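The values are calculated or read from the model by the stated rules, or taken from the named source; none is laboratory data. Note that the structure is a prediction, hence the values are computed from the model and not measured. Here the Cβ is made from the backbone with ideal geometry for all residues, glycine too, and neighbour counts use every protein chain on show. What goes into the accessible areas is simple: the full protein's heavy atoms, side chains included, and nothing from ligands, DNA or RNA. Shrake-Rupley method; radii C 1.70, N 1.55, O 1.52, S 1.80 Å.
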Amino acid sequence: MCKSERINVTRSSMPPYEEYIEAIRPLWDTHWITNMGRYHMELENQLKRYLGVPEISLMVNGHMSLEMAIQMMEFNREGGEVITTPYSFISTTHAIVRNGLKPVFCDIKYGDATIDEDRIEELITEKTVAILPVHVYGNVCNVEKIQGIADKYNLKVIYDAAHAFGVRYKNEGIGNWGDASVFSFHATKVFNTIEGGAVTFKEQKYYEKLYNLKNFGIHDEELVVDIGANAKMNEFCAIMGLCNLRHIDTAIQKRKKYYDLYTQELSKVKGIRLLDRNNEADNNYSYFPIVLEEDYICSRNQLYERLKEHNIFCRKYFFPLISESKCYRDLYGNSGLNNAKKISNNVLILPLYEDMETELINKVLKIISE
Ligand SMILES: *Cc1c(COP(=O)(O)O)cnc(C)c1O
């Protein structure tokens, strides 16, 4: 590891160069490089199997997948409310607002940072149309309780599963819960297609709906059936996905090694809290968040700066809270979000990626424990 090298919190997984170059060669024969080509369809099939879900629709990125998943439900946009978490990437709330709906922020649990299912019911009004929880850091939400609430009040459930690629809960792919789940295949995620994403769902009728929606709502040459967008994944990205998928299990195993090393050493450090994990769900080792408690030797921001002095650039995911970001703070309520505020002010994500060096982990551990 070069001394002056900037270390980021993540580093994109890439297949061997030759493997990708060989894989894209056929595109020069067909010149079919986007619009639901052969590799787009092939990646949908392979991901359906890998994620263990009944249906999937590939998209250009995770954000558009969220927007399309909400749009396909055809909610009444006049004042419709969606209960969601402020402790996520800004995309989650943007997708609600850009669909003409109103986000209603629900607090999270201090233990695992997922939505507090016991606080959802008090936020339901006659305008509520859906619940949009996030499997944050791949920690699964309380999917049974959330479904119970949704059934009782006749609401849809859309999971932001951007962090939960490959996670299984009670031996089933996480995308089987709710009416739809959304994955991100962005370069920074566990599995990437450079940019990409997908919606998974059970009801088959959504497949055609999404197929149209991601292609401007065009059904055939002379028939436009929906007010769609352009959210198609191109063939270069699909092929990157096919290559990365061949190596995904090894990539996750490598992450596990580093994750376990962090866990083992950091559990001994006073004032460092690791988030709870549901032991009926497996881990994809996507992120390594730590929460600094009052008895830690310095503040989150001080630790962040200290690591930065050593050229290690951690991230404050998720700070600020979505409800406190400039574009939303004066628009929607910000009260009763105590756990979210507390975690957001004290969380730090440590570097974790496939081809890390143990030397780097030791350096990070040394800085944290000194
Ligand atoms: C990455 C991410 C998204 C957006 O996905 P993109 O593929 O970057 O558009 C949405 N929600 C969460 C929680 C994410 O981490």
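Out of the residues in region 128-168 that are open to solvent by 10 Å² or more (accessible area, probe 1.4 Å) and among the hydroxyl-bearing types (S, T, Y), which is nearest to F183 (Cα to Cα)?
T128
Kindly check whether there is at least one residue in region 115-127 that is in a loop (DSSP other than H, G, I, E, B), within 16 Å of the ligand (Cβ to nearest atom) and open to solvent by less than 30 Å² (accessible area, probe 1.4 Å).
Restricting attention to region 115-127, the residues satisfying the condition of being in a loop (DSSP other than H, G, I, E, B) are 116, 120, 124-127.
Cutting the leftovers down to within 16 Å of the ligand (Cβ to nearest atom) gives us none.
Within region 115-127, not a single residue is in a loop (DSSP other than H, G, I, E, B), within 16 Å of the ligand (Cβ to nearest atom) and open to solvent by less than 30 Å² (accessible area, probe 1.4 Å).
Out of all the residues in region 100-110, is one or more at pLDDT 95 or above, within 16 Å of the ligand (Cβ to nearest atom) and among the charged types (D, E, K, R)?
Just the residues of region 100-110 that are at pLDDT 95 or above, to begin with: 100-110.
In the following step, the residues that additionally are within 16 Å of the ligand (Cβ to nearest atom) were identified as 103, 105-106, 108.
Within this subset, residues satisfying the condition of being among the charged types (D, E, K, R) are none.
Looking through region 100-110, none of the residues is at pLDDT 95 or above, within 16 Å of the ligand (Cβ to nearest atom) and among the charged types (D, E, K, R).
Can you find even one residue in region 73-94 that is away from the ligand (no atom under 13 Å from the Cβ), in a helix (DSSP H, G or I) and aliphatic (A, V, I, L, M)?
First pass over region 73-94, keeping only residues away from the ligand (no atom under 13 Å from the Cβ): 73-83.
When the remaining residues are screened for being in a helix (DSSP H, G or I), the result is none.
Taking every residue of region 73-94 in turn, none turns out to be away from the ligand (no atom under 13 Å from the Cβ), in a helix (DSSP H, G or I) and aliphatic (A, V, I, L, M).
Under the condition of being assigned to a loop (DSSP other than H, G, I, E, B) and within 16 Å of the ligand (Cβ to nearest atom), which residue from region 11-68 is surrounded by the most Cβ atoms within 10 Å (Cβ to Cβ)? Break it down into steps so the answer makes sense when it comes.
Going through region 11-68, the residues assigned to a loop (DSSP other than H, G, I, E, B) turn out to be 11-16, 25-26, 31-37, 52-54, 60-61.
Restricting the remaining residues to those that are within 16 Å of the ligand (Cβ to nearest atom) gives 11-13, 60-61.
Values: R11: 15, S12: 14, S13: 24, V60: 22, N61: 21.
Looking at the filtered set, the residue picked out is S13.
Okay, residues lined up against (1) within 16 Å of the ligand (Cβ to nearest atom); (2) farther than 16 Å from N35 by Cβ; (3) assigned to a loop (DSSP other than H, G, I, E, B):
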{"position": "G175", "(1), (2), (3)": "yes, yes, no"}
{"position": "F183", "(1), (2), (3)": "yes, yes, no"}
{"position": "H186", "(1), (2), (3)": "yes, yes, yes"}
{"position": "V190", "(1), (2), (3)": "yes, yes, yes"}
{"position": "I194", "(1), (2), (3)": "yes, yes, yes"}
{"position": "Y207", "(1), (2), (3)": "no, yes, no"}
{"position": "Y211", "(1), (2), (3)": "no, no, no"}
{"position": "M233", "(1), (2), (3)": "yes, no, yes"}
{"position": "L245", "(1), (2), (3)": "no, yes, no"}
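Would you check if D295 is open to solvent by 20 Å² or more (accessible area, probe 1.4 Å), of a type in the set (D, E) and touching a Lys or Arg at 6+ places or on another chain (Cβ under 9 Å)?
Details: open to solvent by 20 Å² or more (accessible area, probe 1.4 Å): yes; of a type in the set (D, E): yes; touching a Lys or Arg at 6+ places or on another chain (Cβ under 9 Å): yes.
Spelling it out, D295 is indeed open to solvent by 20 Å² or more (accessible area, probe 1.4 Å), of a type in the set (D, E) and touching a Lys or Arg at 6+ places or on another chain (Cβ under 9 Å).
Can you confirm whether Y206 is buried (at least 21 other Cβ atoms within 10 Å of the Cβ) and among the hydroxyl-bearing types (S, T, Y)?
Values: buried (at least 21 other Cβ atoms within 10 Å of the Cβ): yes; among the hydroxyl-bearing types (S, T, Y): yes.
In short, yes.
Test A229 against the stated conditions and say whether it is touching a residue at least 60 places away in the same chain (Cβ under 8 Å), over 26 Å from L352 (Cβ atoms) and within 14 Å of the ligand (Cβ to nearest atom). Walk me through how you get there before you give the answer.
Numbers: touching a residue at least 60 places away in the same chain (Cβ under 8 Å): yes; over 26 Å from L352 (Cβ atoms): yes; within 14 Å of the ligand (Cβ to nearest atom): yes.
Here the answer is yes, as A229 does meet what is asked.
Residues Q253, Q264: which one is over 21 Å from the mean Cα position of the chain (by Cα), outside any loop (DSSP other than H, G, I, E, B), outside the structural domain of L101 (by TED's automatic domain parsing) and of a type in the set (S, T, N, Q)?
On the way: Q253 fails: over 21 Å from the mean Cα position of the chain (by Cα).
The unique qualifying residue is Q264.
Would you tally the residues in region 268-282 being of a type in the set (G, A, S) and either buried (at least 16 other Cβ atoms within 10 Å of the Cβ) or in contact with a Gly (Cβ under 9 Å, 6 or more places away or on another chain) (or both)? If you could, list the steps in order and put the result at the bottom.
Residues of region 268-282 that are of a type in the set (G, A, S), as a first pass: 271, 281.
Restricting the remaining residues to those that are either buried (at least 16 other Cβ atoms within 10 Å of the Cβ) or in contact with a Gly (Cβ under 9 Å, 6 or more places away or on another chain) (or both) gives 281.
So the answer is 1.
Looking at region 226-244, is at least one residue of a type in the set (A, V, I, L, M), open to solvent by 80 Å² or more (accessible area, probe 1.4 Å), outside the structural domain of P351 (by TED's automatic domain parsing) and out of contact with any strand residue (DSSP E or B) (no Cβ under 8 Å at 6 or more places or on another chain)? First the steps, then the outcome.
Taking region 226-244 and keeping what is of a type in the set (A, V, I, L, M), we get 227, 229, 231, 233, 238-240, 242.
Filter once more, so that each one left must be open to solvent by 80 Å² or more (accessible area, probe 1.4 Å): 227.
Still in the running and outside the structural domain of P351 (by TED's automatic domain parsing): 227.
Add one more test, that the residue is out of contact with any strand residue (DSSP E or B) (no Cβ under 8 Å at 6 or more places or on another chain), and what stays is 227.
Yes, there is a match, as at least one residue in region 226-244 is of a type in the set (A, V, I, L, M), open to solvent by 80 Å² or more (accessible area, probe 1.4 Å), outside the structural domain of P351 (by TED's automatic domain parsing) and out of contact with any strand residue (DSSP E or B) (no Cβ under 8 Å at 6 or more places or on another chain).
Residues that are modelled with pLDDT under 95 and more than 21 Å from the chain's Cα centre (by Cα): which helices (runs of 4 or more DSSP H) entirely in region 268-370 hold 1 or more of them? Lay out the reasoning, then the answer.
On the way: elements: 300-309, 338-346, 358-369.
Counting at least 1 such residues, we get 358-369.
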